[in-house]
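Report on the following structure.
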Amino acid sequence: MRHALVRRVPDSMARGITRQRLGPPDLALARRQHEAYARALGSLGIEVTVLDALEEFPDSAFIEDVAVIHGGVAILTRPAAPERRGEVEAARPALRSRMPVRDLGRSGPGFLEGGDVLFAGRELFVGIGERTDPAGAGRLRQRLLSGDPTLTVRYVPFRGRLHLKTGLTALGPELFVGDPGLTLEGPWEFGTVRWLPAEEGHAANVLVVNGAGLFDGSSRSARTFVTDAGLRPIPLDLSEFRKMDGGLTCLSLLW
């Protein structure tokens, strides 16, 4: 990866959508954590562009949800929550100035968020849950395969977590780290999942980029899994984003 888009934390962050009961985020700390995250990406040779905060959209720091980037093309998503759809349009100019942009669809059936889209080598897993439905996944599949017919797209129905990548991320093409609080509705037959202890399940959201694994530094097991996968471990504290159901992958769009 050579480039990243991130978006500053808005003052309205505490009004965002969350299922957690961890209390409101500390804005000053959240901003320091966000800056450390951007610095970590920069240390890996990534050019990081920081977009302005969007006060009218409390969840807008979670920029991953607004687009899926593959093959040099950004596909703008359609979030399940109507109040988040303005985030997609707000990101359009920044993406359009850097690459071709296509729409998942602004109307009709189907919704999809980037947090449910997991690339692992030539495999793409699309989580079917609260934020992405089969119609939205089907639209994404159609658009991706029209540009890259060699990609294999698989649907993964799940429950127990907000997004698929909240509870399952890839450390390699056939190696994954998982949160036991995530319930898959069918057997996982696409590689090995190393399951974290239940009390460390929140650390299953690992961001693998340029030979490094950015992980929740509170989890010893996550550090072990990242190191065993041959990745450079980079621990980060994102406690305030966890309060809002966010994690490491949520905070950037990478290409």
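The values are calculated or read from the model by the stated rules, or taken from the named source; none is laboratory data. This is a predicted model, so every value here is computed, not measured. Cβ sites come from the backbone with ideal geometry, for glycine too, and all protein chains shown count toward neighbours.
State all residues of region 140-164 that are in contact with a helix residue (DSSP H, G or I) (Cβ under 8 Å, 6 or more places away or on another chain), under 18 Å from residue 249 (Cβ atoms) and either in contact (Cβ under 8 Å) with a residue 24 or more places away in the chain or buried (at least 16 other Cβ atoms within 10 Å of the Cβ) (or both); if no residue qualifies, say none. Don't jump to the end; show me each part of the working.
Taking region 140-164 and keeping what is in contact with a helix residue (DSSP H, G or I) (Cβ under 8 Å, 6 or more places away or on another chain), we get 151, 153, 155-156, 158, 160-164.
Checking the rest, the ones that are also under 18 Å from residue 249 (Cβ atoms) come to 156, 158, 160-164.
156, 158, 161, 162, 163, 164 - these are the residues of region 140-164 that are in contact with a helix residue (DSSP H, G or I) (Cβ under 8 Å, 6 or more places away or on another chain), under 18 Å from residue 249 (Cβ atoms) and either in contact (Cβ under 8 Å) with a residue 24 or more places away in the chain or buried (at least 16 other Cβ atoms within 10 Å of the Cβ) (or both).
So if I check each of 111, 176, 119, 125, which one is touching a residue at least 60 places away in the same chain (Cβ under 8 Å) and under 29 Å from residue 3 (Cα atoms)? Give the derivation first.
Working: 111 fails: touching a residue at least 60 places away in the same chain (Cβ under 8 Å); 176 fails: touching a residue at least 60 places away in the same chain (Cβ under 8 Å); 119 fails: touching a residue at least 60 places away in the same chain (Cβ under 8 Å).
Selected residue: 125, the only one of 111, 176, 119, 125 that is touching a residue at least 60 places away in the same chain (Cβ under 8 Å) and under 29 Å from residue 3 (Cα atoms).
Do you know which residues across region 8-26 are part of a loop (DSSP other than H, G, I, E, B) and either touching a Lys or Arg at 6+ places or on another chain (Cβ under 6 Å) or basic (Lys, Arg) (or both)? I'd like the intermediate steps shown before the answer.
The initial filter retains those residues of region 8-26 that are part of a loop (DSSP other than H, G, I, E, B), namely 8-12, 16-26.
Passing the criteria: 8, 9, 19, 20, 21, 22, 25.
Considering every residue within region 191-205, establish whether at least one is at pLDDT 95 or above, hydroxyl-bearing (Ser, Thr, Tyr), in contact with a Phe, Trp or Tyr (Cβ under 8 Å, 6 or more places away or on another chain) and within 22 Å of residue 42 (Cβ to Cβ).
Scanning region 191-205 turns up no residue that is at pLDDT 95 or above, hydroxyl-bearing (Ser, Thr, Tyr), in contact with a Phe, Trp or Tyr (Cβ under 8 Å, 6 or more places away or on another chain) and within 22 Å of residue 42 (Cβ to Cβ).
Scan region 29-60 residue by residue and report those that are assigned to a loop (DSSP other than H, G, I, E, B) and either touching a helix residue (DSSP H, G or I) at 6+ places or on another chain (Cβ under 6 Å) or not aliphatic (A, V, I, L, M) (or both). Walk me through how you get there before you give the answer.
Kept after step one, since they are assigned to a loop (DSSP other than H, G, I, E, B), are these residues of region 29-60: 44-46, 52-60.
Hits for region 29-60 are 45, 52, 54, 55, 56, 57, 58, 59, 60.
Starting from residues that are assigned to a loop (DSSP other than H, G, I, E, B) and among the acidic types (Asp, Glu), keep the ones in region 191-249 and report whichever is surrounded by the most Cβ atoms within 10 Å (Cβ to Cβ).
Taking region 191-249 as the starting set, the residues that turn out to be assigned to a loop (DSSP other than H, G, I, E, B) are 191, 196-197, 205-206, 210-211, 217-219, 229-231, 237-238, 243-248.
With the extra rule that they be among the acidic types (Asp, Glu), the set shrinks to 237, 245.
Working: 237: 15, 245: 21.
So, considering only residues that are assigned to a loop (DSSP other than H, G, I, E, B) and among the acidic types (Asp, Glu), the one surrounded by the most Cβ atoms within 10 Å (Cβ to Cβ) is 245.
What residue, of 246, 217, 191, 211, is among the small types (Gly, Ala, Ser) and within 16 Å of the chain's Cα centre (by Cα)? Steps first, please.
Details: 217 fails: within 16 Å of the chain's Cα centre (by Cα); 191 fails: within 16 Å of the chain's Cα centre (by Cα); 211 fails: within 16 Å of the chain's Cα centre (by Cα).
Only one candidate passes the filter, namely 246.
So which of 222, 203, 212, 137 ends up being out of contact with any helix residue (DSSP H, G or I) (no Cβ under 7 Å at 6 or more places or on another chain) and over 27 Å from residue 100 (Cα atoms)?
Details: 222 fails: out of contact with any helix residue (DSSP H, G or I) (no Cβ under 7 Å at 6 or more places or on another chain); 203 fails: out of contact with any helix residue (DSSP H, G or I) (no Cβ under 7 Å at 6 or more places or on another chain); 137 fails: over 27 Å from residue 100 (Cα atoms).
That would be 212, the only listed residue that is out of contact with any helix residue (DSSP H, G or I) (no Cβ under 7 Å at 6 or more places or on another chain) and over 27 Å from residue 100 (Cα atoms).
Restricting the search to region 225-255, which residues are among the polar types (S, T, N, Q) and either in contact with a helix residue (DSSP H, G or I) (Cβ under 6 Å, 6 or more places away or on another chain) or farther than 20 Å from residue 67 by Cα (or both)? Talk me through it step by step, then tell me what you get.
So the first thing to find is which residues in region 225-255 are among the polar types (S, T, N, Q), and the list is 227, 239, 249, 252.
Listed by number, the residues that qualify are 227, 239, 249.
Taking region 24-53 as the search range and keeping residues that are more than 21 Å from residue 235 (Cβ to Cβ) and surrounded by 12 or more Cβ atoms within 10 Å (Cβ to Cβ), which one is modelled with the lowest pLDDT?
The qualifying residue modelled with the lowest pLDDT is 24.
Report yes if residue 118 is in contact with a strand residue (DSSP E or B) (Cβ under 7 Å, 6 or more places away or on another chain), buried (at least 17 other Cβ atoms within 10 Å of the Cβ), of a type in the set (A, V, I, L, M, F, W, C) and at negative phi, otherwise no. Spell out how you get there, then give the answer.
Working: in contact with a strand residue (DSSP E or B) (Cβ under 7 Å, 6 or more places away or on another chain): yes; buried (at least 17 other Cβ atoms within 10 Å of the Cβ): yes; of a type in the set (A, V, I, L, M, F, W, C): yes; at negative phi: yes.
So residue 118 passes the test.
Filter region 165-186 down to the residues that are among the small types (Gly, Ala, Ser) and either assigned to a helix (DSSP H, G or I) or surrounded by 24 or more Cβ atoms within 10 Å (Cβ to Cβ) (or both) and list them by number. Even if it seems obvious, please write down each step before you answer.
Quick first cut of region 165-186, residues among the small types (Gly, Ala, Ser) only: 167, 170, 172, 178, 181, 186.
Hit for region 165-186 is 167, nothing else.
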